[in-house]
Amino acid sequence: METIKAKLDETPFQTAGPFLHIGCMPNAIKINKIYQNDLGEIPFKDKQENELITIEGSVFDGNGVALDDVMIETWQCDEKGQFNEDSGFARLIPNNITKKFTLKTIKPGSYKGFDRKTYSPHVSLSISARGLNMTLNTRVYFEDDELKNDPLLSIISLDNVNSLIAKKIKKNSYLFDIFLQGDKETIFLDI
Amino acid sequence: MNAKSLIKRNYEKHPEIDFPDYKSSIFRAPKNRKISFPSSNTETIGPIFNKNIIGKLDNDLTLNFSKNKISPLGHKIIVYGTVSDQFTNPIKGALIEIWQANAAGKYLHDNDENPAPIDPNFAGCGRCLTSSSGYYEFLTIQPGPYPYPNRGIEWRPMHIHFSIFGKSFGQRLITQMYFEGDPLIKLCPMVNSIRNEKAKNSLIGVLDTSKSNTKNLLAYKFDIVLRGIKQTYFENRKEGL
Ligand SMILES: [Fe+2]
């Protein structure tokens, strides 16, 4: 029941541009004097190495070139499927040699949503860069989970759904590449 | 328990993603339609940020990088406003991070090829959390306009980049504030990627001279609106009942 109407328009997006590190991750570009730590360095504190999984990948443009000026933000629940407002957030930029981003986090649990449907474990991503007039949103699911009843995945056609599923490359380690354009273009969400 | 859901984005009031006048978008903007899906818990609960991350000078860009309290070059300005949601509710504790060029139009960044001088007393980096009434304020200097390669060399209007977190990941916003009266605004392809005039104008900080006498400062007011979150109460029932 949509009884309440919005009174104001959302402020429009503009590109984050090529210098977003200054505002969002200054320590990563050696502006060390101002903030003690960059935001989102560690998504969950006090976790042991053996509790963590790794998700790595690159963000490719339409020429197949891996971006090195992109920022990826991630947000997720804990292993029990609980969202804690103050933990679960991370910010990543690609390594300037390998052009890969690496998220070290705990594997999220599945959860029952407000709609009473069960969501398979996933990490939510927000992608910002020069050339992107709006931040892009997508989700990472995991190939070794039960996925067929997930409410989002079940509305996406089979040929496309793979772009949202991280491949397991070894124990506790997943690959998730993002394609901005081309045959393998990732599914982005209006969510 | 309260079920939360975000109201849908109106893409007519946002920039076009695939906008070739902005050259960098040509090989980066996705070509397919987005998949529309109702927000769930992931998009409506957090993250929120604790005030203990904020340092005393984090919102004073004139001092947070200065050596021996030497002011950066350029004239000082206050940039202020409120963060609210689409239902006009102020958002308390919203995290605002800003970044900008110095008075000469140069960023403190290795990838900035503009042959303008850096300012040793200015990093162009600031952040704050909004107050209980959604208010925020930065003290900074007027950023310069700058040239950049696009369709040939073009000039960006003076601007400050804004990143905002409200109460949830689905409210995440990254944008730019422009300055009232800047003739470069109407020439900028990034601004013009927003087709709707009213939406475009909402990114222009409004000049406020009321602080010029007391503080010797020009001020610009920039109010920010994040997506509305609807809350509906429902009983925690067991399945099938
Ligand atoms: Fe800029």
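Miscellaneous remarks
- Taken together, the residues in segment A:38-63 that are at pLDDT 95 or above and out of contact with any strand residue (DSSP E or B) (no Cβ under 9 Å at 6 or more places or on another chain) amount to 1.
- Residues of segment B:140-184 that turn out to be under 21 Å from B:Ile45 (Cα atoms), within 13 Å of the ligand (Cβ to nearest atom) and over 13 Å from the mean Cα position of the chain (by Cα), as a count: 0
- Yes/no for B:Pro47 being touching a Ser or Thr at 6+ places or on another chain (Cβ under 6 Å) and either surrounded by fewer than 19 Cβ atoms within 10 Å (Cβ to Cβ) or facing chain A (nearest Cβ under 7 Å) (or both): no
- Boolean, B:Glu137 is at pLDDT 95 or above, touching a Phe, Trp or Tyr at 6+ places or on another chain (Cβ under 6 Å), more than 13 Å from the ligand (Cβ to nearest atom) and charged (D, E, K, R): yes
- Filtered by the rule that a residue be out of contact with any helix residue (DSSP H, G or I) (no Cβ under 7 Å at 6 or more places or on another chain), buried (at least 20 other Cβ atoms within 10 Å of the Cβ) and outside any strand (DSSP E or B), segment A:73-119 gives A:Gln76, A:Cys77, A:Gly88, A:Pro94, A:Pro108.
- Within segment B:78-107, if we keep just the residues that are charged (D, E, K, R) and surrounded by 22 or more Cβ atoms within 10 Å (Cβ to Cβ), the residue that is nearest to the ligand (Cβ to nearest atom) turns out to be B:Glu97.
- All positions within segment B:108-125 that are within 12 Å of the ligand (Cβ to nearest atom) and in a strand (DSSP E or B): none
- The test for being in a loop (DSSP other than H, G, I, E, B), touching a Gly at 6+ places or on another chain (Cβ under 6 Å) and either more than 16 Å from the ligand (Cβ to nearest atom) or open to solvent by 10 Å² or more (accessible area, probe 1.4 Å) (or both) does not hold for A:Pro18.
- Against the list (1) within 16 Å of the ligand (Cβ to nearest atom); (2) hydrophobic (A, V, I, L, M, F, W, C); (3) within 13 Å of the chain's Cα centre (by Cα), the condition B:Cys128 fails is (1).
The values are calculated or read from the model by the stated rules, or taken from the named source; none is laboratory data. A quick note: this is a predicted structure, and the numbers were derived from the prediction, not measured. In this analysis, Cβ positions are derived from the backbone assuming ideal geometry, glycine residues included, and neighbour counts consider all displayed protein chains. Ligands, DNA and RNA are stripped out before the accessible areas are found, and what is left, the full protein with its side chains, is counted by its heavy atoms. Shrake-Rupley method; radii C 1.70, N 1.55, O 1.52, S 1.80 Å.
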